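*Asks:* Input: one structure, supplied below.
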Amino acid sequence: MRVDGQCHCGQITYVAEVDPATVMICNCTDCQTMAGSAFRTLVLTRPGTFRLLSGEPKPYVKTGDSGTRRIQSFCPECGTPIYSAPVDTAEPDIYVLRLGAVRQRDQLVPKVKLWTRSAQAWVDDMNALPKFETQPVFDDDGQLKPT
């Protein structure tokens, strides 16, 4: 599947081919911290298909629990996570795209959850939460105002 994506401010844009069967949710504590959320959703590019169209992502090298070092790339202007890739490769063959920056993210349904031992206990119960189609109104104490 061909996808395209961009960061929030539009400085970084790219195209790639992905296999929808490789969409994953990662619950590791590193992904939680770097996504600013309870998990991160990822998809692998098909080998040799990722092409940066504009901008230059800022790299950050992270060492995982296994000792493996990977480049974490994000927009230097708005901070949007873009991808991760191996450190020791001039031009990586496969990129791991951050699904939030992929325009077709609604078509890429996760197939597996990783690092579930680190998952927040409440993530599997999210369907029980009240739902709002848009931003609700909160009072000065952060409580929902009755509609």
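Quick note: the coordinates plus some simple rules give every number you see, no bench work behind them. Here the structure is a predicted model, which means the values were calculated and not measured. Every residue, glycine as well, gets a Cβ built from its backbone with ideal geometry; the counts of neighbours run over all protein chains shown.
*Asks:* Of the residues W122, W115, only one is surrounded by 14 or more Cβ atoms within 10 Å (Cβ to Cβ) and out of contact with any Phe, Trp or Tyr (no Cβ under 8 Å at 6 or more places or on another chain); which?
*Replies:* W115
*Asks:* Same structure, new question: In this structure, is T89 under 17 Å from R70 (Cβ atoms) and of a type in the set (S, T, N, Q)?
*Replies:* Yes: the conditions hold for T89.
*Asks:* Could you tell me whether L42 is surrounded by fewer than 16 Cβ atoms within 10 Å (Cβ to Cβ), in contact (Cβ under 8 Å) with a residue 12 or more places away in the chain and assigned to a strand (DSSP E or B)?
*Replies:* No.
*Asks:* Collect the residues in the stretch 72-82 that are within 12 Å of E56 (Cα to Cα), touching a Pro at 6+ places or on another chain (Cβ under 8 Å) and not aliphatic (A, V, I, L, M), keeping them in residue-number order.
*Replies:* Selection gives S73, F74, C75, P76.
*Asks:* Search the stretch 113-137 for residues that are without any contact (Cβ under 8 Å) to a residue 60 or more places away in the chain and pair each with any residue that is exposed (fewer than 10 other Cβ atoms within 10 Å of the Cβ) and assigned to a loop (DSSP other than H, G, I, E, B) when their beta-carbon atoms are under 7 Å apart and the residues are at least 6 apart or on different chains.
*Replies:* Short answer, once both residue conditions are applied: V137/K145.
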